[in-house]
Amino acid sequence: MSAKSVRIQIHQYHQGGLDALQERVHPGRTSVLTPEIIADVGQQIAAGQQVWNSRSLVAYVFERYGVTVGRSAMRTQLHHAGMSWQRTRLVVAGQADPETKTAFKTDLEAVKRGL
């Protein structure tokens, strides 16, 4: 704590006692991402038209709304909105043929036995 901060604290104590020294809320800077933008981003993610990451979401917001925001700020705002990042998995499309599955399992058992 600097000497100036100490002087300010002493002055506040003399003016209002211990109540004047209580920590106040420091709201910080308001986000450039309005609730409407966050709602739109949430709808885009939920639509599942593409796989989104922070870089593509930042580009989408800039193209659509002309708002520049950092990737970490985007992640933070989405987290505050109740959304979380989940890793995507590659999945084979469609189901395998049941006969092919059975043949594969049989072959696998034979390989395990050393036949």
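Things to note:
- Pick from segment 65-84, criterion outside any helix (DSSP H, G or I) and in contact (Cβ under 8 Å) with a residue 24 or more places away in the chain, ranking: surrounded by the most Cβ atoms within 10 Å (Cβ to Cβ): V69
- When every residue of segment 95-114 is checked against the conditions, at least one turns out to be loosely packed, with under 11 Cβ neighbours inside 10 Å, among the hydrophobic types (A, V, I, L, M, F, W, C) and assigned to a loop (DSSP other than H, G, I, E, B).
- Condition broken by T34, with the remaining ones in (1) β-branched (V, I, T); (2) modelled with pLDDT under 90; (3) in contact with a Phe, Trp or Tyr (Cβ under 9 Å, 6 or more places away or on another chain) satisfied: (2)
- Scanning segment 18-64 for residues that are among the hydrophobic types (A, V, I, L, M, F, W, C), under 30 Å from R7 (Cα atoms) and loosely packed, with under 11 Cβ neighbours inside 10 Å yields L18, V25.
- Cβ pairs under 8 Å, 6+ apart, first in segment 32-52 and free of Cβ contacts under 8 Å to residues at least 12 places away in the same chain, second small (G, A, S): Q50/S56
The values are calculated or read from the model by the stated rules, or taken from the named source; none is laboratory data. Every value quoted in this text rests on a predicted model; they were computed, and no experiment measured them. In this analysis, Cβ positions are derived from the backbone assuming ideal geometry, glycine residues included, and neighbour counts consider all displayed protein chains.
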